1. From 59, 27, which residue is surrounded by fewer than 13 Cβ atoms within 10 Å (Cβ to Cβ) and assigned to a loop (DSSP other than H, G, I, E, B)?
2. Does residue 87 satisfy the criteria of being more than 21 Å from residue 4 (Cα to Cα), loosely packed, with under 10 Cβ neighbours inside 10 Å and modelled with pLDDT under 60?
3. May I ask you to list the residues in segment 48-59 that are modelled with pLDDT of 90 or more and in contact with a helix residue (DSSP H, G or I) (Cβ under 9 Å, 6 or more places away or on another chain)?
4. Listed residues 22, 64, 39; which is touching a residue at least 12 places away in the same chain (Cβ under 8 Å), surrounded by 12 or more Cβ atoms within 10 Å (Cβ to Cβ), in contact with a helix residue (DSSP H, G or I) (Cβ under 9 Å, 6 or more places away or on another chain) and within 25 Å of residue 118 (Cβ to Cβ)?
5. Scan segment 102-138 residue by residue and report those that are under 12 Å from residue 75 (Cβ atoms) and at pLDDT below 90.
């Protein structure tokens, strides 16, 4: 997978992450009485995700570093939430959606960003036919030959 494809995949993952953050924020606003205080951190986070994502698409190394830092903060925040959830007074429930968006998504996006930052390229694997085939046979025509003869 080349760098452009990885950047596109990471940007789509960032859009999914931003969408789930905004959806969770809307739900939190509805259940917490519409206090605008609950908008501050999610809106800043979504803005930074999109800002660094656009920078990454433009080829900026700063965008890659910013995405890596944001994804590391996501994972650190999850670990902190799990740690606080161990207290008897606090309940922490990890759902499958939460696991996908707060663990898998940041790990994949961060991994691709680290690969792009380091310039790691995988060599394409030869196809099954290409691996077994030898040099091309010079007696075979490269293009179909026109049919000669026929009616005049």
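The values are calculated or read from the model by the stated rules, or taken from the named source; none is laboratory data. Quick caveat: nothing in here was measured; it's all calculated off a predicted structure. Cβ atoms come from the backbone with ideal geometry, glycine included; neighbour counts cover every protein chain shown.
1. On inspection, the qualifying residue turns out to be 59.
2. Considered against the rule, which asks whether it is more than 21 Å from residue 4 (Cα to Cα), loosely packed, with under 10 Cβ neighbours inside 10 Å and modelled with pLDDT under 60, residue 87 comes out as no.
3. 48, 49, 50, 51, 52, 53, 54, 55, 56, 57
4. 64
5. 102
A quick yes/no check of all residues on (1) modelled with pLDDT of 90 or more; (2) surrounded by 14 or more Cβ atoms within 10 Å (Cβ to Cβ); (3) in contact with a strand residue (DSSP E or B) (Cβ under 6 Å, 6 or more places away or on another chain); (4) not in a loop (DSSP other than H, G, I, E, B):
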{"position": "74", "(1), (2), (3), (4)": "yes, yes, no, yes"}
{"position": "81", "(1), (2), (3), (4)": "no, yes, no, yes"}
{"position": "92", "(1), (2), (3), (4)": "no, no, no, no"}
{"position": "98", "(1), (2), (3), (4)": "no, yes, no, yes"}
{"position": "143", "(1), (2), (3), (4)": "no, no, no, no"}
